[in-house]
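Everything below concerns the one structure shown next.
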Ligand code: NDP
């Protein structure tokens, strides 16, 4: 496949960091977005100390203008984006009958509209160059639903609808579009859940443990090589066997 330019949104987070490391270790030139410069530079320094170079471009993925200028900055620093991992995401949990419009909108804007905002500025270049890999990081809860996460589950299920449509539109252009749906991974997002709730979650996972960010990074890397060019529109569950549906 050779070295490619990869953009991982939310690369400074738990899963994003592992994806950035895996792509950089694979010889790719990797970039991620940031919102807070000091926080991002400190992260970049830690990555460098571990031997991984990751370029930074400022941008909030929940707005089209920011996302586009972020993509253009990545292109300026590294060149056109060949691999896009739409990973940035948030939770704003609450049962629906008490949910505020802001909780709904923040999650839809960050987790789903971001996929439009970031993919739109890279897709034409990929089509022109006849090669691309677009991977959405969705969630097990987009597949099975989750009490208190109507907003999050709607956004995450929407990502897969996006994936299977984009896969059809771009298959003839050497572009594959796939989803990875992680189960519960031991990042800050999950460790913030109260311990007794977390223990109940672990009890539902056949492997008997939370997943690791590296295991999600591996699932992402599965879609990258030329040998994977027949695999498009797939939803790869990486969830320790917790959910085995679509
Ligand atoms: P983290 O909270 O550790 O990281 C989230 C990343 O997204 C951060 O880099 C954050 O940046 C970035 N981000 C959030 N909002 C925006 C925004 N508006 N614009 C730009 N960047 C933004 O989460 P995880 O690593 O745990 O999760 C990564 C993805 O995996 C998410 O999409 C999540 O939904 C999904 N997932 C996670 C699971 C888990 O168990 N952890 C399970 C299933 C799916 P900043 O530092 O600026 O906030």
Starting from the Cα-Cα distance between residue 93 and residue 164, subtract it from 0.36 nm times their residue separation and give me the gain in nm to one decimal.
-> 22.9 nm
Round to a whole angstrom and tell me the spacing of the C-alpha centers of region 71-129 and region 34-60.
-> 19 Å
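Region 1-141: percent of C-alpha pairs farther apart than 18 Å?
The calculated P(r) of region 1-141 puts 54 percent of pairs beyond 18 Å.
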Give, in nm to one decimal, the length gained when the segment between residue 231 and residue 209 is fully stretched (0.36 nm per residue of separation minus the Cα-Cα distance).
-> 5.1 nm
222 nm mean residue ellipticity, helices alone, for the chain (DSSP H n ≥ 4; -39,500 (n - 2.57); rounded to 500) = -14000 deg cm²/dmol
Can you give the direction-averaged projected area of the convex hull of the alpha-carbon atoms in the chain, in nm²?
-> 12.9 nm²
Label-point separation, residue 63 to residue 244 (7 Å along Cα→Cβ), nm | 4.7 nm
With contacts defined as alpha carbon pairs under 8 Å and 6 or more residues apart, what's the relative contact order of region 18-176 in percent?
-> 21 percent
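Bear in mind these aren't lab numbers, they're just calculated from the coordinates by the rules spelled out. Every value quoted in this text rests on a predicted model; they were computed, and no experiment measured them. Note that we place each Cβ from the backbone using ideal geometry, even for glycine, and neighbour counts take in every protein chain shown.
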